[in-house]
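Below is one structure, written out as structure tokens; comments come after it.
The values are calculated or read from the model by the stated rules, or taken from the named source; none is laboratory data. Predicted model only: the values in this text are computed from it and were never measured. Here the Cβ is made from the backbone with ideal geometry for all residues, glycine too, and neighbour counts use every protein chain on show. Side chains are part of the model used for accessible areas, which takes the heavy atoms of the whole protein and leaves out ligands, DNA and RNA. Shrake-Rupley method; radii C 1.70, N 1.55, O 1.52, S 1.80 Å.
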Amino acid sequence: MGDIVNISVSSDASVFADELKESGLFEDKVDVYTYAAAYVIKKYYKEFDPATYILTDTQGSNFGVSSIDPNNNWSILIKSLYPEMEAPTPYRYLRALIDRGLSLLEERSKQDLNFSIFDELV
């Protein structure tokens, strides 16, 4: 199985990403995606396996990988974090990290009225 050239997240994750972008905290949706992926790596790296993650759908926003990773920094990071990757599919892993990150952030925002996106990566 080859890697993907477009990153499409689930429709629910996409709606929440739109909400975060519209809040004015992020310049664009790619920044939201980057934040969500970094959140999962920081908070759930040991317990989240992007290789086994299944998206509920891919009907959300769709970005070319070059929009999200123009310098291949994500690709390099993911290959170093997940050296056991069976095939060179870092963007499948990145899509899983983004989608799961948005889902987790949305859950937190609904459970905790004092939730602050800024507190999550400190």
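For residue 105, the conditions (1) in a helix (DSSP H, G or I); (2) over 15 Å from residue 10 (Cα atoms); (3) open to solvent by less than 40 Å² (accessible area, probe 1.4 Å) all hold with the exception of (2). Among the residues of the stretch 23-39, are any of a type in the set (Asp, Glu) and within 18 Å of residue 3 (Cα to Cα)? No, there is no match, as no residue in the stretch 23-39 is of a type in the set (Asp, Glu) and within 18 Å of residue 3 (Cα to Cα).
Okay, residues lined up against (1) under 25 Å from residue 115 (Cα atoms); (2) part of a helix (DSSP H, G or I); (3) open to solvent by less than 20 Å² (accessible area, probe 1.4 Å):
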site	(1), (2), (3)
12	yes, yes, no
15	yes, yes, no
27	yes, no, no
37	yes, yes, yes
40	yes, yes, yes
63	no, no, no
67	no, yes, no
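Applying a threshold of 6 Å to beta carbon distances and a minimum spacing of six or more residues, or different chains, the list of pairs starting in the stretch 31-60 at a residue that is in contact (Cβ under 8 Å) with a residue 60 or more places away in the chain and ending at one that is surrounded by fewer than 16 Cβ atoms within 10 Å (Cβ to Cβ) reads 42/121. The set of residues from the stretch 86-101 being open to solvent by less than 30 Å² (accessible area, probe 1.4 Å) and out of contact with any Gly (no Cβ under 9 Å at 6 or more places or on another chain) comprises 90, 91, 93, 94, 96, 97, 98, 101.
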